[in-house]
Amino acid sequence: MSRVYNFSAGPAVLPEEVLKEAAEEMLDYKGCGMSVMEMSHRSKVYDNIIKEAEADLRELMNIPDNYYVLFLQGGASQQFSAIPMNLMRNKKAGYIITGQWAKKAAAEAKKYGEVIELASSADKNFSYIPDCSDLPITDDMDYVYICENNTIYGTKYKELPNTKGVDLVADVSSCFLSEPVDVSKYALIYGGVQKNVGPAGVVVVIIRKDLVKDDVMPFTPTMLKYKTQADNDSLYNTPPCYNIYICGKVFKWLKKLGGLEKMKELNEEKAKILYDFLDESEMFKGTVEKEDRSLMNVPFVTGDKDLDAKFVKEAAEAGFVNLKGHRTVGGMRASIYNAMPKEGVVKLVEFMREFEKNNK
Ligand SMILES: Cc1ncc(COP(=O)(O)O)c(C=O)c1O
């Protein structure tokens, strides 16, 4: 068996320990004679799996009792419409545009109500997080929307926006469980799991209970109504059973590791290795304002397209894969999610140093 260092932005690297455990349980889950893939979502065995996953996530994130945890489908993109359908009771919301994902969410929300663009970093190709201390937020807005970690551009809010008392909604797809969060500061947090948590096919929605009502837009599909899902403990229909089971294993892996405080420490240590190198290198440069750098997604360029392509090719040959940057930024991007071992980043930096020496 030969595993590569996988720097994909998502679907992304998962903890090896989790994959091995899942492999061991593939044919016979804990003596029940079948795989989790084959069992009824209404069975006692599966009920324990999903309940335990929720309990572990609640413990990890210290989720208050007045929040629901929902395991849904449709990816993060489905939430771009579910959020306004469920929460735009006044038909007005503020969006902060820090990249493609926030832009897409805002475009979708426009189908359902008035979207006020509160701030944007489009002027510098989304390479920074705008000042959010005094935005033109008004009381009649149903919520303020952010994409907390911008997967494509490699920026992250280091401080949440001052929403002036308006509910905050955050897409945390690419920073989910990478550090502790104070859930009580949000009305709704959601993330596709395929970066930090599990296999694509699950989106976790953590929503304050008072927001979960029958009072949604009349055309809201039953499946997209949070109340349907909350009333049925995420089992209104057949959930992505196997994927939730893997997420549950990742939650246990995180707990064993020491929880989110410890994860943050490890992530900071890992990211520093790469950022320190980018700051000292004459060839490779980070593309993001230093104070807004993400711990998860690290875009960088050489400034020469051919050299970038040569680097990506040679890196892949050396076992560092999926380093090609997003087409809107160019260059390279190393996604160094929770499951990327420190060793992977150390070795990548060694490779970059060597490449720089050989290509002066
Ligand atoms: C921050 C962010 N939001 C949303 C999405 C879209 O997720 P999905 O493909 O699950 O719809 C992505 C995907 O990469 C993302 O990085």
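Across the range 138-154, which residue is farthest from residue 164 (Cα to Cα) among those that are within 11 Å of the ligand (Cβ to nearest atom) and of a type in the set (Val, Ile, Thr)? So the residue we want is 152. Of all residues in the range 287-330, those satisfying the criterion of being touching a residue at least 24 places away in the same chain (Cβ under 8 Å) and assigned to a strand (DSSP E or B) are 293, 297, 298, 299, 300, 301, 320, 321.
If only residues of the range 155-200 that are within 11 Å of the ligand (Cβ to nearest atom) and small (Gly, Ala, Ser) are counted, the one that is nearest to residue 116 (Cα to Cα) is 170.
If you filter the range 60-117 down to residues that are surrounded by fewer than 20 Cβ atoms within 10 Å (Cβ to Cβ) and of a type in the set (S, T, N, Q), you find that the one that is farthest from residue 231 (Cα to Cα) is 100.
State whether one or more residues within the range 105-117 are within 16 Å of the ligand (Cβ to nearest atom), closer than 23 Å to residue 296 by Cα and at pLDDT 95 or above. Within the range 105-117, one or more residues are within 16 Å of the ligand (Cβ to nearest atom), closer than 23 Å to residue 296 by Cα and at pLDDT 95 or above.
When 274, 235, 257 are screened for being at pLDDT 95 or above, under 22 Å from the mean Cα position of the chain (by Cα) and surrounded by 15 or more Cβ atoms within 10 Å (Cβ to Cβ), only 274 passes.
Only one of the numbered conditions (1) surrounded by fewer than 21 Cβ atoms within 10 Å (Cβ to Cβ); (2) in contact (Cβ under 8 Å) with a residue 24 or more places away in the chain; (3) under 17 Å from residue 177 (Cα atoms); (4) not hydrophobic (A, V, I, L, M, F, W, C) is not met by residue 245, and that is (1). Can you give me the number of residues within the range 59-104 that are within 12 Å of the ligand (Cβ to nearest atom), of a type in the set (Gly, Ala, Ser), in contact with a strand residue (DSSP E or B) (Cβ under 6 Å, 6 or more places away or on another chain) and not in a helix (DSSP H, G or I)? Selection size over the range 59-104: 1.
The values are calculated or read from the model by the stated rules, or taken from the named source; none is laboratory data. Quick caveat: nothing in here was measured; it's all calculated off a predicted structure. Positions of Cβ are backbone-derived with ideal geometry, glycine not excepted, and every protein chain shown enters the neighbour counts.
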